[in-house]
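Submitted below is the structure of interest, expressed as C-alpha cells.
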C-alpha cells in the first residue's frame, strides 16, 4: 500500500472483490479478522509478542492506538493523496466495512450485504469504523449497525446509510469500478485530484471549516498543484475548447 500510494504511475487505486469461489465472497473476509483476533489472545501469541497488552498486539488498547494505518494497514490510512475505489461483491463485514468506509468511492453489487457485527462476538470496531460511520450516516443510523450489529442490504447502504455510491449487478462491479477509475484518470488533472483528495481528508478530520481550508491551502499537494503545469494546461485547454493533455505531477 505504501508503494502504491507513493508511485507516480498509479493515479488511482481500486480495491477489487476478494477472489473466492463461494457465493458469499466478501470484499475483505471477516473470518481472517476473527481468526487473527483469536490467535492473538492465545497464550502462544502472548508469549511471542511479549504479553497480551503490548503494542505488538494490535488488539490491546495501546496496540490499537499505535497501529499504523489501522486494520490491514488501511482503515485509518490518511496519508495517501491517491483516490481509493472499493468494489464490493457478496458481503463486507467487520474490518472489511472499516476499510471501505475509508475509501473515497464505493461501487457495490446490488445484492451485497454489510455489517459491523463485532458486538455479537464480544469485540469492538476499533479500526476507525465507528467515527467514520457516525460522520457519514449520523449517530442514530450508525448505532443501528454498531450497537445492534445488524446486517444491512446494499440498497440500505446506498439510500439510508450513504456509504455506497452506486449499485450494479454483481457481474459488473469490477468493470464499473475500473470505468470510474478510468474516467478519473482520463478527465481530471492528477495534481488537482490529489489536492482535492487532501482537502476532503482534512475536511473529515476537522469540524472547523476555516481550519480545514487553511490546512488544505498550505498542504504539499495544494502547493504543488498551484506551482505545476497542469493548472495552466487545464485553463488553456478550456479556452481552446480541446481536451487537456495532463502530465504527471512532481513527486512530493
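Simple spin-label model, 7 Å along Cα-to-Cβ: residue 185 to residue 111 in nm?
In this crude label model, residue 185 to residue 111 measures out at 3.1 nm.
Oh, and also: Give me the one-decimal nm value for the distance between modelled label points at residue 135 and residue 166, 7 Å along each residue's Cα-to-Cβ direction.
2.4 nm
Once a ≥ b ≥ c are taken as the square roots of the eigenvalues of the Cα gyration tensor of the range 99-227, is the result rounded (a/c under 1.5), prolate (a/b larger than b/c) or oblate (a/b not larger than b/c)?
On the way: a/c = 2.83, a/b = 1.35, b/c = 2.09.
Oblate.
Sorting check: for 84-96, 158-170, 103-115, which peptide has the highest mean count of neighbouring beta carbons within 10 Å, and how do the rest follow? Could you put the intermediate results ahead of the total?
Numbers: 84-96: 25.8, 158-170: 16.5, 103-115: 22.5.
So the order, starting with the most tightly packed, is 84-96, 103-115, 158-170.
Give the order of 222, 182 when sorted by the count of other beta carbons within 10 angstrom, beginning with the fewest. Display every interim value, and only then the final one.
Details: 222 19, 182 12.
Lowest count first: 182, 222.
Fewest first, what order do 216, 206 take by the number of other Cβ atoms within 10 Å?
On the way: 216 19, 206 15.
Going from sparsest to densest Cβ surroundings: 206, 216.
Taking 0.36 nm per residue of separation and subtracting the Cα-Cα distance, what length does fully extending residue 250 through residue 148 add? Spell out each step's value before the answer.
Working: separation 102, 0.36 × 102 = 36.72 nm, distance 4.73 nm.
Taking 0.36 nm per residue and subtracting the Cα distance, the gain is 32.0 nm.
Please give the residues of the range 145-162, grouped as numeric ranges, whose backbone N is less than 11 Å from a label point set 7 Å along the Cα-to-Cβ vector of residue 123.
None, by backbone N distance to the label point.
What ranking of 224, 218 emerges when the number of other C-beta atoms within 10 Å of each C-beta is taken as an exposure proxy, fewest first?
Details: 224 18, 218 9.
Arranged by neighbour count, lowest to highest, 224, 218 become 218, 224.
A short reminder: the numbers here are calculations on the coordinates, not readings from a lab. Quantities reported herein were computed from a predicted structural model and do not represent experimental measurements. Because the Cβ atoms are built from the backbone with ideal geometry, glycine has one as well, and the counts that use them run over all protein chains shown.
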